[in-house]
1. Just to be sure before I move on: is residue 414 under 18 Å from residue 204 (Cα atoms), over 16 Å from the mean Cα position of the chain (by Cα), surrounded by 24 or more Cβ atoms within 10 Å (Cβ to Cβ) and of a type in the set (S, T, N, Q) in the structure I sent?
2. Could you list all residues from region 421-468 that are open to solvent by 40 Å² or more (accessible area, probe 1.4 Å) and hydrophobic (A, V, I, L, M, F, W, C)?
3. Inside region 47-77, can you point out the residues that are on the phi > 0 side of the Ramachandran plot, out of contact with any helix residue (DSSP H, G or I) (no Cβ under 7 Å at 6 or more places or on another chain) and modelled with pLDDT under 80?
4. I need the full set of residues from region 476-507 which are over 23 Å from residue 44 (Cα atoms) and open to solvent by less than 10 Å² (accessible area, probe 1.4 Å), in order please.
5. Which one of these is of a type outside the set (Phe, Trp, Tyr), modelled with pLDDT under 75, more than 25 Å from the chain's Cα centre (by Cα) and farther than 21 Å from residue 244 by Cβ: 274, 353, 308?
6. Looking for whichever is closer than 19 Å to residue 208 by Cβ and not charged (D, E, K, R) here; the options are 465, 440, 407. Which one fits?
7. Residues being modelled with pLDDT of 70 or more and open to solvent by less than 70 Å² (accessible area, probe 1.4 Å): count how many of those fall in region 22-38.
8. Confirm whether residue 89 is at pLDDT 80 or above, over 22 Å from residue 527 (Cβ atoms) and either touching a Gly at 6+ places or on another chain (Cβ under 6 Å) or hydrophobic (A, V, I, L, M, F, W, C) (or both).
Amino acid sequence: MMDVGAESHFVQMAQWLAMESEAEVQQMAERRKRMRSGDPERSGETIVGLSIADHRPGLGGRALITFVRRKKNKPMPWHRIRTGSPVIISLWPDDDGPTLQGVVSKRKHDSLEVAMDYCPDGNQFRIDLTADEVTRQRQMSAINTAMNSRGRLGKLRDILMGLAEPTFHPEPPEIPLTTQLNDSQHEAVKFALAANDLAIIHGPPGTGKTTTVVELIVQAVEQGQRVLACAPSNTAVDNLLARLVAKDQKVVRIGHPARVAEDLRHYTLDGLAETHESISVIREMYREAEVLFRKVGKWTRHRPARGEKAAMRDEAKTLKRHAREMERHAVDDILSRSKIICATTTFNEDLLEDRFFDMVVIDEACQCTEPGAWVPILRADKIVLSGDHKQLPPTVLSREAAKQGFSTSLLERQMQQYGDAVNRLLNVQYRMHNDIMTFSSNHFYNGKLIADKTVMGHLLTDFDSVEPAELTEFPVEFIDTAGAGWNEELESEGLSKLNPQEAHLIVSKASQLIEAGLLPKDIAIIAPYAAQVRYLRDQLNQLPRCSGIEVDTVDGFQGREKEAVLISTVRSNETGEIGFLGDERRMNVAITRAKRKLIVVGDSATLGGNDFFQKLLEYFQNHGQYRSVFQEPMG
């Protein structure tokens, strides 16, 4: 019988899921209200005034519809709709009209491609990000199963709840690697292979975490194991899939094909089924069944013999039933041949039937809430979690649920529970100049990060096109706006904050980098608030030479990197309020995106009241690139 404390944790997770569902419904209701009273696109969850530019057939009989702004060549507004997002398509401005569900299959700066059952009729549409209740139901089912399980799953549950100790067998002898790894990566692979129950690979920014995870999976397959490789986002799963394909691994990706990168769709279950040896027979059976159904429906010239229509209908049904059975056999054959299956953490488990895996790997494990992690764990003999709990936690809409603990990932909870007993840290990073890395290393990773010699001292001036200047020869810079009166503003509808003067300075610095010879595509601007992101994009759109600079929120840049990164902290007020900037993990992500140049703009009088920011400001001061905005030429 399960421990009372552990049972209460599972009950609590179910309550958190219900709270999250309620918060999402409320958010959608508020969005609808805004659509009637103001700018519907402000939240980033709605795009209006769209028309259909193209439609074509997709995998699995789906239609791929490309939506663009009605004004030709006009870019999409800033939005949170990503590839793989579930969306609702409806007529605009008729918000009481019919709606269709779809999944975003491709995102570009001026279009969205959506996979739908069929192409909708109409001249003007809107797209709304929508709740994913199917995912939540799968999570609820998984935690109920885990709570009531015995046997191996019950043992794993008890270990994850701290009721039993994880065990390890002696580390394997020296393994011939398929990838060149550093010592910490190699140690992490050996450690995870030696785990009987649970292992964690802790990968700080730029340390090659996914490279290490892929090598672990390849090694496990070499030992005859079957692996389920998961991640919470489709982008992260595609990253795993692409790297495994490059290693010539026999791998299949399950999930909606529209959520998979176009160049990888051949490796989806749908894509592989299209080339299966029995597909021609299956298609012919479906075709014959359709012909019979049409003939029964159009029989008007003469009266058919008694029972003839029924017989033909029965024959058509039999053909379709046999075709579906052959399809199931083809799917089973594809899955059985594969040693590795890739999926998001909330896959449709009916596809896998009763399959279990020697090892389940969850990459980017800190990005999913704990109930999401339990879906793949149900299939596991052993679990490997990979991620960094010092970066952004899972996205949770319900503030109360987050406050109670819903935003604590399973990986973070295991680190709190077992620490180094189940964990190996990757300590060599291949992204940042040493001066960009050091603050994060000291503050978040106990000073254990090491910059590889290939990046330790690299600067923008290493590029032939970049001119030597103070801006390009120093890797870190903080520009203090204290005393300038550049106060933050609440945007007109009160949904987000912006700081126009700070934005103008950021744009000016980005322009100076371009003038010095850096390409726009190598520059990113990060702001914590959506309103500031929108404002910055509007400003850059007026400067053709800045075309190509990426602007996004901190969340949008997790896992990304650029040669130069400029950060607008936005907050500037008399009370020292900094809101969610107080979550220092957000700034850890922001300041570790830059490879050769990091510029942070902020008001020390507002930020300095926070211990973390006070330490960050001192770090910049000690590195000699801390200056007042009054020393900055604008232009």
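The values are calculated or read from the model by the stated rules, or taken from the named source; none is laboratory data. Values in this document were obtained by computation on a predicted structure and should not be read as measured data. In this analysis, Cβ positions are derived from the backbone assuming ideal geometry, glycine residues included, and neighbour counts consider all displayed protein chains. Accessible surface areas use protein heavy atoms only, side chains included; no ligands, DNA or RNA. Shrake-Rupley method; radii C 1.70, N 1.55, O 1.52, S 1.80 Å.
1. On the way: under 18 Å from residue 204 (Cα atoms): yes; over 16 Å from the mean Cα position of the chain (by Cα): yes; surrounded by 24 or more Cβ atoms within 10 Å (Cβ to Cβ): yes; of a type in the set (S, T, N, Q): yes.
Answer is yes for this residue.
2. Passing the criteria: 421, 425, 450, 456, 463.
3. As a first pass, look at region 47-77 and keep what is on the phi > 0 side of the Ramachandran plot: 49, 60-61, 73.
Filter once more, so that each one left must be out of contact with any helix residue (DSSP H, G or I) (no Cβ under 7 Å at 6 or more places or on another chain): 49, 61, 73.
Passing the criteria: 61, 73.
4. 476, 477, 478, 479, 481, 505
5. Details: 274 fails: farther than 21 Å from residue 244 by Cβ; 353 fails: modelled with pLDDT under 75.
Testing whether each residue is of a type outside the set (Phe, Trp, Tyr), modelled with pLDDT under 75, more than 25 Å from the chain's Cα centre (by Cα) and farther than 21 Å from residue 244 by Cβ leaves just 308.
6. Selected residue: 440, the only one of 465, 440, 407 that is closer than 19 Å to residue 208 by Cβ and not charged (D, E, K, R).
7. Step one: list which residues in region 22-38 are modelled with pLDDT of 70 or more, which gives 22-30.
Then drop every residue that is not open to solvent by less than 70 Å² (accessible area, probe 1.4 Å), which leaves 23-24, 27-29.
Residues in region 22-38 being modelled with pLDDT of 70 or more and open to solvent by less than 70 Å² (accessible area, probe 1.4 Å): 5 in total.
8. Answer is yes for this residue.
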